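Below: the structure, in C-alpha cells.
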Amino acid sequence: MSDAATDRAKAAQLPEGDVIRILLEQHARIRDLFAEVQSESGEHRQHAFDELRALLAVHETAEEMVLRPVSKDVAGAAVVDARNHEEEEATKALYEIEKLDVDSTEFLSRIADLEQAVSNHAEHEEREEFPLIIAECDEDKRRAMGTKVKVAEKVAPTHPHPSAAGSPVAQYVLGPFASLLDRSRDALSAKH
C-alpha cells in the first residue's frame with residue numbers, strides 16, 4: 001500500500017503540470033488529511049475534515065471529467081467503470097459522514113472505513129490507470145490534461161453529490177450548479 005511520502009516521491013519524478021503528478025500530489029494530501037482527521041478533535045478535526053471533504057469532491061470530479069475519458073481509451077471501459085463505481089460509493093459514504101458530529105464514535109468508525117475505500121481506489125488508479133496514461137500520452141498531452149484538471153477543480157462542487165458521482169456526463173450537467181451552491185454555502189459558513 002502506498003503512503004503520502006511514496007506518492008510525493010513518484011510525483012516529483014514527473015514534470016510540473018503533468019496530470020499524473022497533480023493527481024499523485026493530491027493523493028498524498030488526501031492521505032495526510034485522513035491521518036489529521038483521525039488524530040485531531042473538535043474544531044481542528046472539523047477543519048481537517050472540511051478540507052478533506054472539499055479535496056475529495058473536487059479531485060474526484062476532475063478525475064471523472066478529465067482522466068476517465070482518456071483512461072477509457074488506454075485502459076479500457078472495465079477499468080473506468082470500476083473506478084467510477086468506487087468513486088460513486090465513496091461519494092455516497094462521504095455524503096453521509098458529512099452529516100455526523102466529527103467527535104462521535106460513528107464518525108470515527110465511518111471515516112476509517114472511507115479512508116480504506118479511498119486508499120484502495122487510489123491504489124487501483126496508480127496501478128491500472130496512471131502507468132498507461134504515462135505510457136500512451138506524451139508529456140504535452142499530460143500537461144494539457146493537468147491544465148484541464150486545474151480548471152475543472154476551480155468549478156467543481158466542494159461537497160459530495162451522490163446524484164452526479166461516477167458519471168462524467170452528470171458532472172458536466174449538474175456540476176456547475178452544485179458548485180455554485182456549495183461555494184456559496186462555504187462562503188456563508190466561513191463568515192459565521
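Throughout, read-outs are computed from the coordinates displayed, never taken from laboratory work. Since we're looking at a predicted model, the values are computed, not measured.
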Evaluate 2.2 N^0.38 Å with N set to the residue count of the range 1-130, then give the Cα radius of gyration divided by it. 1.06
Which of the pairs Lys99/Lys141; Lys72/Lys148; Lys10/Lys150; Lys10/Lys99; Lys92/Lys148 have their Cα atoms more than 28 Å apart in this structure? Lys99/Lys141; Lys10/Lys99
